[in-house]
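Q: Quick one: this structure, given as structure tokens, is what I'll be asking you about.
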Amino acid sequence: MIYLDSAATTLQKPPTVSRAAARAIDHMATPGRGTHRAAMSAANIAYECRKEAAALFQVPEPDRVVFTFNATHGLNIAIKTLVKPGMTALISGYEHNAVTRPLHAIPNVTVKVAEAPLFRPEQMTAAFARQLTDEVDVVICTHVSNVFGCVLPIEDIAALCRARGVPLIVDASQSAGSIPLAFSELGAAFVAMPGHKGLYGPQGTGLLLCGVTPAPLLEGGTGSLSISQEMPDFLPDRAEAGTHNIAGLAGLLEGLRFLRRRGVRSVADGERALIHRMGEGLAHLPDVEVFLSGQPDAQGGALSFRVAGRDCEEFCERLGDRGFALRAGLHCAPLAHRTAGTLDTGTLRASVSAFNTPQEIEHFLKTTAALLQSR
Amino acid sequence: MLYYLIVCRSLTYAQRTAEALERAGITAHILRSPKSVAGEGCSHSVRISQRSLTDALPVLHRARLDPKRVFITSGAGDYREVEV
């Protein structure tokens with residue numbers, strides 16, 4: 001199988017990831033629940049993981065790196081900390097349901113949408129500048145669209161938020177590990193990300209970088225201040241009730257170390273080159289509409305396309321029959337499809353990781369061309 | 001033998017404290033706080049030798065990890081809080 005669905009989950013990981021996870025299952029208990037060897041081994045893994053993430057994203061203290069189950073979990077913590085009933089939130093037109101559904105669940109929240117065409121960062125910044133009016137209580141913005149790979153100008157949007165004193169939540173699901181991201185420079189209230197995509201960790205891991213103290217989404221044991229029935233008021237304990245996914249964190253640590261060795265910039269350059277080649281190749285095929293940026297920096301490691309007269313899910317199945325793993329449909333992001341004008345048809349999405357090769361992209365293009373001729 | 005216990009609010013804080021001390025050449029060991037010093041229930045402490053406290057305090061101050069509570073003990077159940 002040629003795997004082109006890394007925007008959902010990176011399947012190929014550094015081999016150290018699964019080894020570390022297996023070792024943790026065999027030898028590690030839970031951080032903070034004892035000082036025997038099994039507990040302290042787990043504690044060391046958790047601490048090293050926090051430090052590695054803090055270094056990668058320029059977080060001033062490892063305590064501000066909170067472990068979550070995935071990006072959705074982190075976004076729920078962030079949104080439910082900052083958005084209260086009756087408030088107004090400003091979001092981009094490319095948000096995932098992990099943002100829009102939590103907002104929808106909070107009563108009487110007004111959601112404003114900053115819309116701009118794909119791959120037009122200056123227009124997106126202008127849309128946020130226009131929409132960031134006095135009644136906006138919080139801004140929530142994805143760094144990269146999970147459907148189109150479109151990079152949003154998050155540094156400019158963060159600067160607008162800082163200037164106007166509005167807290168910012170960043171969904172870094174598609175950018176973490178694939179595009180350099182400096183938490184301390186953004187000044188964001190929260191940055192949420194999964195561990196199982198560009199950070200090359202196992203499923204069931206995620207990180208929430210905290211610029212402010214979150215409200216607990218879950219209450220329970222933390223191994224600290226046990227007499228109090230309130231959750232601790234300090235990080236990371238405040239946001240980490242219950243037993244950690246230590247096997248996942250052991251794997252995530254190795255994924256982060258891989259990124260440090262490889263370099264995020266190097267990963268980004270490689271992914272962009274693959275996507276650009278794929279987009280150019282698809283654009284030459286009959287009846288194919290490709291959503292490709294002319295500026296390589298405006299697109300990350302994902303690309304959407306659709307074929308005139310062909311159902312995207314059906315075409316994805318045909319590619320699957322020939323050994324290519326893509327994802328079709330709405331990608332849990334109907335707002336992004338509405339903004340781009342693809343809500344009726346959906347799209348096929350191909351997404352890459354550090355482990356894809358130019359040869360795989362050429363094979364994919366040849367197979368797609370053959371499929372188009374065979375109808 | 002006497003030693004000091006630096007009581008920390010969280011395991012992560014204790015790990016940061018121990019790491020800063022070890023980096024400065026001061027041997028530090030993380031343990032669960034004895035129940036009689038833990039205050040509101042479970043916490044973690046960092047144990048250092050009696051002679052290390054003078055060197056440890058400026059190290060922790062530079063790392064912005066100033067201890068809130070420090071106890072001296074012989075390890076036989078006698079804990080006395082000290083001013084730092």
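Q: Report, in listed order, any pair from A:Lys112/A:Lys197; A:Lys197/B:Lys68; A:Lys13/A:Lys112; A:Lys51/A:Lys80 with a Cα-Cα distance greater than 32 Å.
A: A:Lys197/B:Lys68; A:Lys13/A:Lys112
Q: Right, something else. Taking the Kirkwood radius as the inverse of the mean 1/r across Cα pairs, report the Rg/Rh of the protein assembly as shown.
A: Taking Rh as the inverse mean 1/r over Cα pairs, Rg/Rh reads 1.04.
Q: Name the residues whose placed amide hydrogens come within less than 5 Å of the amide hydrogen of A:Leu207, ignoring near sequence neighbours (fewer than 5 apart) on the same chain.
A: Answer set, sorted by chain and number: A:Thr68, A:Met193, A:Gly195.
Q: Helix A:312-321 versus the longest principal axis of chain A: what is the Cα-based angle in degrees, 0 to 90, to the nearest 10?
A: The angle comes out at about 90 degrees.
Q: Determine ³J(HN,Hα), in whole Hz, for all residues of region A:329-345 in sequence, where each value follows from phi through the Karplus function 6.51 cos²θ - 1.76 cosθ + 1.60 and θ = phi - 60°; x replaces Gly and Pro.
A: Couplings: x, 9, 6, 6, 9, x, 5, 5, 5, 5, 4, 8, x, 10, 5, 5, 9 Hz.
Q: Which loop GluC sites (Glu not before Pro) in chain B, with loop taken from DSSP, have no more than 14 other Cβ atoms within 10 angstrom of their Cβ?
A: B:Glu40, B:Glu83
Q: Please report, to one decimal in angstroms, the Kirkwood hydrodynamic radius of region A:296-375 built from all distinct Cα-Cα pairs.
A: Final number for the Kirkwood radius of region A:296-375 is 13.5 Å.
Q: Separate question: Relative contact order of region A:313-375, please, whole-number percent, based on alpha carbon pairs below 8 angstrom and at least 6 residues apart.
A: 33
Q: Now, a different point. Answer with one residue from B:Pro34, B:Ser74, B:Tyr13: the one whose Cα lies farthest towards the positive end of the charge dipole of chain B, charges on Cβ with Lys, Arg +1 and Asp, Glu -1.
A: Among B:Pro34, B:Ser74, B:Tyr13, the one farthest towards the positive end of the dipole of chain B is B:Tyr13.
Q: Okay, moving on. In peptide B:38-45, how many Cβ atoms from other protein chains are near each Cβ within 10 Å, on average?
A: The shielding value for this peptide is 5.
Q: Calculate, in whole percent, how much of the Cα-Cα pair population of region A:1-108 lies beyond 23 Å.
A: Tail fraction, whole percent: 51.
Q: Ok, one more. Determine the shielding of peptide A:27-39 by partner chains: average, over its residues, the number of Cβ atoms on other chains within 10 angstrom of each Cβ.
A: Counting Cβ atoms of other protein chains within 10 Å of each residue's Cβ and averaging gives 2.
Q: Right, another one. Could you check the spin-label model distance between A:Ala105 and B:Ser49? Points 7 Å from the Cα along Cα→Cβ, value in nm.
A: Calculated label separation equals 5.4 nm.
Q: Still on this structure, I have one more. Would you work out the charge dipole size for the protein assembly as shown about its Cα centre, treating the Cβ of every Lys and Arg as +1 and the Cβ of every Asp and Glu as -1, and quote it to the nearest 20 debye?
A: 960
Q: Something else about it: For region A:158-219, what's the radius of gyration and Dmax over Cα atoms, in angstrom?
A: That works out to 12.6, 38 Å for Rg and Dmax.
Q: Given region A:73-158 reduced to its alpha-carbon atoms as identical point scatterers, what log10 I(q)/I(0) does the Debye formula return at q = 0.21, 0.25 Å⁻¹?
A: Reported log10 I(q)/I(0), two decimals: -0.98, -1.29.
Q: Calculate how large, on average over all directions, the projected area of the Cα convex hull of chain B is; give the answer in nm² to one decimal.
A: If you wrap the Cα atoms of chain B in a convex hull and average its projections, you get 4.8 nm².
Q: Only bridges with both residues in the protein assembly as shown count here: give the DSSP antiparallel percent, nearest 5.
A: Within the protein assembly as shown, antiparallel bridges account for around 70 percent of the total.
Q: Going Cα to Cα from A:Lys366, which aspartates and glutamates come in below 14 Å? Please leave out same-chain ones fewer than 8 positions away.
A: Answer for A:Lys366, where 14 Å is the Cα cut-off: A:Glu280, listed by chain and number.
Q: Determine which aspartates and glutamates satisfy two conditions relative to A:Lys84: a Cα distance under 16 Å, and not lying fewer than 8 residues away in the same chain.
A: A:Glu135, A:Asp137
Q: How big, on average over all directions, is the shadow cast by the Cα convex hull of region A:229-375, in nm²?
A: 12.6
Q: Would you kindly state the longest site-free stretch of chain B, with sites defined as trypsin sites (Lys or Arg not before Pro) in a DSSP loop (not H, G, I, E, B) surrounded by at most 16 other Cβ atoms within 10 Å?
A: Value returned for the longest uninterrupted segment is B:1-34.
Q: Let me ask another. Starting from the Kirkwood Rh over alpha-carbon pairs, what translational D in µm² s⁻¹ does region A:175-308 have by Stokes-Einstein at 4 °C and 1.567 mPa s?
A: 73
Q: What does the highest-first list of A:96-102, A:218-224, A:346-352 look like by mean Cβ count within 10 Å?
A: In decreasing order of mean packing, A:96-102, A:218-224, A:346-352 become A:346-352, A:96-102, A:218-224.
Q: Averaged across A:213-226, how many Cβ atoms of other chains sit within 10 Å of each residue's Cβ atom?
A: Per residue, the average neighbour count from other chains is 3.
Since every read-out is calculated from the coordinates, none of them should be taken as a lab result. None of these values were measured; they are calculated from a predicted model. Here Cβ is always computed from backbone atoms with ideal geometry, including for glycine, and neighbour counts include all displayed protein chains.
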